[in-house]
Amino acid sequence: MEAAAGYFRPGSGWLHRRHPTTKLLALVWLLVATFVLPPLGSVVLIVAVVAGAASAGLLAPLLRASRVGLFLLASILVVNGFFYPGARDVLFGLGPVALTREGLEAGLTFALRILVALEASLLFLFTTLADDLLEALVARGVNPRLAYVMLAAMQLVPRLQGRAAAILDAQQARGLEVGGSLRRRFGALVPLIGPLVLGTLIDVRERTFALEARGFGSGLPRTAYRIVADPTGDRLLRWVLVATIGALLFYGLARAAGAA
Amino acid sequence: MLSFDWLHMCATGETTACVSVDELWWIVVGIVFLAAVAFLARRARDFSTATLSLMPAAIAINIAAGALMFALHLPLYLDSIGTVLVGVLAGPWAGAMTGILANFIWSFLPIPGGGNPVSASFAPVAGVIGLMAGLWARSGILRLRAHDERTTRSVAFATFAWGWLVVGGLLRLFFAPNGYFSTVDGSDPTLLGGANLTGLALADAGGLYLTWGIGALGGAALGYVIYRRQLVSLLPVWFAGGVTGVVAAAMSAPIAAYVYGGVTGGGTDALVALFRSAGLSIFQASFAQGLTSDPLDKTISYTVVFIILAALPLTVKTLFPRGDLVVPPTP
């Protein structure tokens with residue numbers, strides 16, 4: 001199954017060998033840390049994440065995939081840099097708007113935090129197979145029905161893209177014109193999106209019958225098909241991560257209260 | 001050096017380190033959201049197999065349409081079509097669960113709009129949208145009805161009358177110097193952020209007659225379209241979409257303003273920048289952007305769902321627990 005792999009990059013580096021819940025906790029840790037620590041801390045975190053990717057041999061795919069966040073980062077810098085309310089320290093004027101020091105500093109802080117979250121979640125997706133993650137979560141007591149919904153949704157997104165391409169080919173073979181004026185391109189959307197959405201929803205009926213036939217709704221305890229390795233080091237690491245998340249949250253609250 | 005001196009509520013005018021009311025509010029909101037998610041996860045055990053296999057498809061439709069809008073930099077989201085669909089077909093709790101999960105999963109995928117926590121932080125809004133869709137559907141607004149000539153004519157006339165009345169009369173009733181909202185004139189900076197609404201009253205008699213004329217013409221034109229194209233069954237759908245949009249705007253404005261400074265990376269950023277350069281604060285600009293985008297966005301989403309429901313085979317619709325609410329009543 002090609003689509004089932006999703007965004008996972010097969011490999012055997014040290015990041016691949018960690019237990020999925022450990023990596024999930026580390027991701028939460030990074031998100032908490034970047035919003036709690038001062039901006040300089042975010043720089044350290046980015047360097048750490050990129051170094052982690054490089055040591056696992058995933059630097060090139062990480063940088064290539066990072067471009068989905070470029071527009072957001074640029075947007076944060078421009079809007080804050082030029083339209084920060086109450087900013088007085090003008091760096092240079094540009095017609096009716098001006099780049100201000102306060103705005104640029106606020107924008108850079110926001111952008112750094114978003115960058116940490118982006119790189120960390122990409123690295124998590126690259127090194128964790130979705131099946132392993134959900135098997136691990138179900139073993140920890142997560143509702144298997146919810147786990148199914150999440151896994152199926154994550155696998156359906158790339159499959160939907162493939163299906164859209166197939167429908168586009170089929171409609172073009174029947175003489176649909178997709179290029180040309182803006183009006184014509186919008187007109188071409190209807191024969192594309194209609195079959196895509198309705199086909200996906202009609203498939204839901206088939207999937208319901210298939211799941212029912214396999215005892216999905218029985219509610220009986222189930223056995224695991226995949227066994228996910230959980231080394232002792234991982235268990236120790238998880239305790240350390242949980243303890244430091246608590247400390248970080250407390251530090252953040254103290255810092256916010258001190259600044260107020 | 002661990003000190004607990006700051007761990008008390010701020011007294012009025014206190015300048016030393018303390019916990020302010022705003023911070024307490026954010027913590028309370030976070031805890032309420034976590035409790036709601038835990039409650040939903042418990043409800044998920046009662047969902048039928050059909051509901052559980054509809055939810056992934058709805059989440060995928062949400063993310064695919066939302067990512068497309070994001071990549072095109074349009075000031076719309078369209079990321080709640082699947083949420084509304086599940087809310088209508090499988091009930092409010094399933095709708096809320098779909099919205100929350102879709103926003104979280106989108107955050108983790110390396111596609112436009114994903115790969116960052118922006119989408120996940122709007123999960124409470126998506127949950128409420130799903131909840132509202134389920135409640136609207138319970139009142140039967142999405143039920144397909146047989147066409148009735150008399151209803152169409154009445155609605156067309158009512159549209160004309162409202163166009164005449166609302167635009168002219170109600171504006172004056174609310175915002176004139178002796179109107180209900182005449183205190184909102186900018187003299188008190190804490191009220192609605194110092195907004196001045198008295199200009200909406202259209203003081204001179206000539207302006208009033210002109211607005212009445214325009215309102216009557218607009219109402220008549222809309223009424224004619226409704227009468228000719230028989231859009232009566234769509235009007236409640238649009239009403240539900242508009243109200244949902246206003247609620248979504250009110251909920252997402254504080255998140256966009258305080259967590260992201262108004263910038264979320266989508267096509268809506270251009271609107272926020274526009275409102276900010278017009279002199280509004282971050283919060284006001286985010287709210288104004290929401291009020292511009294959300295009602296239109298949710299109206300389009302509800303219309304799309306209505307069209308999907310009209311096109312879906314009966315055997316698919318009746319598979320779901322609330323499917324009987326969207327098929328025409330048997331005579």
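Each reported figure results from applying straightforward, stated rules to the coordinates on display, with no laboratory input. Note that this is a predicted model, so its numbers are computed, not measured. All Cβ positions, glycine included, derive from the backbone under ideal geometry; neighbour counts span all protein chains shown.
Summary value for chain A: 29 percent relative contact order, contacts being C-alpha pairs under 8 angstrom separated by 6+ residues. Estimated from the Cβ-Cβ distance and a Förster radius of 22 angstrom, the FRET efficiency linking A:Val32 and A:Ser55 is about 0.45.
Can you give the mean number of other chain Cβ atoms that lie within 10 Å of the Cβ atoms in peptide B:258-264? So the per-residue partner count for this stretch is 6. What does the net charge come to around A:Gly217 if you take all other residues with beta carbon closer than 14 Å to its beta carbon, with K and R at +1 and D and E at -1? So the environment of A:Gly217 carries a net charge of +3.
Shown in residue order for segment B:97-103 are the 3J(HN,Hα) couplings computed by the Karplus curve 6.51 cos²θ - 1.76 cosθ + 1.60 at θ = phi - 60°: 4, 4, x, 5, 5, 4, 5 Hz (x for Gly and Pro). Rounded to the nearest whole Hz, the Karplus-based 3J(HN,Hα) values (6.51 cos²θ - 1.76 cosθ + 1.60, θ = phi - 60°) of segment B:240-250 follow the sequence 4, x, x, 5, 4, x, 5, 4, 4, 4, 5, with x at glycine and proline. Ranked by the mean number of other Cβ atoms within 10 Å per residue, highest first, peptides A:225-237, A:109-121 order as A:109-121, A:225-237. Report note on the peptides A:29-37, A:122-130: ranked by the mean count of other C-beta atoms within 10 Å, highest first, their order is A:122-130, A:29-37. Projecting the Cα atoms of A:Leu59, A:Ala120, A:Ala210 onto the charge dipole of chain A (Cβ charges, centred on the Cα centre) puts A:Ala210 farthest toward the positive pole.
Computed over the protein assembly as shown, the range of Cα coordinates on each principal axis works out to 79, 66, 49 Å, biggest value leading. Put a plus charge on the Cβ of each Lys and Arg, a minus charge on the Cβ of each Asp and Glu, and nothing anywhere else: the dipole of chain A about its Cα centre is then about 220 debye.
A simple spin-label model places pseudo-atoms 7 Å from Cα toward Cβ; at A:Val44 and A:Thr244 they are separated by 1.0 nm.
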